[in-house]
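The values are calculated or read from the model by the stated rules, or taken from the named source; none is laboratory data. What you see is a predicted model; the values in this text were computed from it and never measured. Every residue, glycine among them, receives a Cβ derived from its backbone with ideal geometry; neighbour counts consider all protein chains shown. These accessible areas exclude ligands, DNA and RNA; they are computed on the full protein's heavy atoms, side chains included. Shrake-Rupley method; radii C 1.70, N 1.55, O 1.52, S 1.80 Å.
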Amino acid sequence: MALSINNIIYGIGVATLLSSCSVNKKYSRPELETPQSYRNTVEVTGDTISLPYKTFFKDTYLTALIDKALDKNKDISIAMMSLRQLDLSYKQAKLGLLPTADLSISAARNYLSKSSLNGSLSEQFTGNQHMDDYSASLNISWEADIWGKLRCKKNLQEQASSCNVKIYQHCEHVL
């Protein structure tokens, strides 16, 4: 009886293995109807003119709502901050061609101990219990743009700034 139960278990195992390895009908992907382009393109002709929304819409309430939506739009405010940042970096790059000047002025007053040699002698000669120390320095430097590094940086910032202005104008026009 033990052999017959083992034979049955082996038979079920072999049948399971053979049925799991069977090859079914080959999968074929169904055809999908997809558009040729992501968005519909509009051809601009003499009849279609891109007008600003304030001239296109005559309703003042509608234009006020559009203005309010543009003011509250976070994407446009981020674009404006990016434009300000690029404008400042362009000005900084432009000023890199100019010389720099550093001025440093300092004053110090030291009170010397009467029991030290300097303190006792200082009080005898100057009549003061303190010593005043004044200093001033002026450094002027100018980086010679021999290899064109500063000029290239200025041109790069100028191009980035003008590019972002165009992107902002396009976003504002589209919205």
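Report yes if ASN110 is open to solvent by less than 60 Å² (accessible area, probe 1.4 Å) and in contact (Cβ under 8 Å) with a residue 12 or more places away in the chain, otherwise no.
Judged against the criteria, ASN110 is not a match.
Which one is nearest to ASN164 (Cα to Cα) among residues in the stretch 56-82 that are acidic (Asp, Glu) and open to solvent by 50 Å² or more (accessible area, probe 1.4 Å)?
The selected residue is ASP75.
Out of the residues in the stretch 117-135 that are open to solvent by less than 80 Å² (accessible area, probe 1.4 Å) and in a strand (DSSP E or B), state the one that is modelled with the highest pLDDT.
By that ranking, first place goes to SER135.
With a cut-off of at least 1 residues that are aliphatic (A, V, I, L, M) and at pLDDT 75 or above, name the helices (runs of 4 or more DSSP H) lying wholly within the stretch 45-116.
In the stretch 45-116, 60-72, 74-95 are the helices (runs of 4 or more DSSP H) which contain 1 or more residues that are aliphatic (A, V, I, L, M) and at pLDDT 75 or above.
Is it true that some residue in the stretch 152-159 is outside any loop (DSSP other than H, G, I, E, B) and in contact with a Lys or Arg (Cβ under 7 Å, 6 or more places away or on another chain)?
Checking the stretch 152-159: at least one residue is outside any loop (DSSP other than H, G, I, E, B) and in contact with a Lys or Arg (Cβ under 7 Å, 6 or more places away or on another chain).
Those residues that are loosely packed, with under 12 Cβ neighbours inside 10 Å and within 30 Å of CYS152 (Cα to Cα), I need them from the stretch 96-107; list them, please.
LEU98, PRO99, THR100, ALA101, ASP102, LEU103
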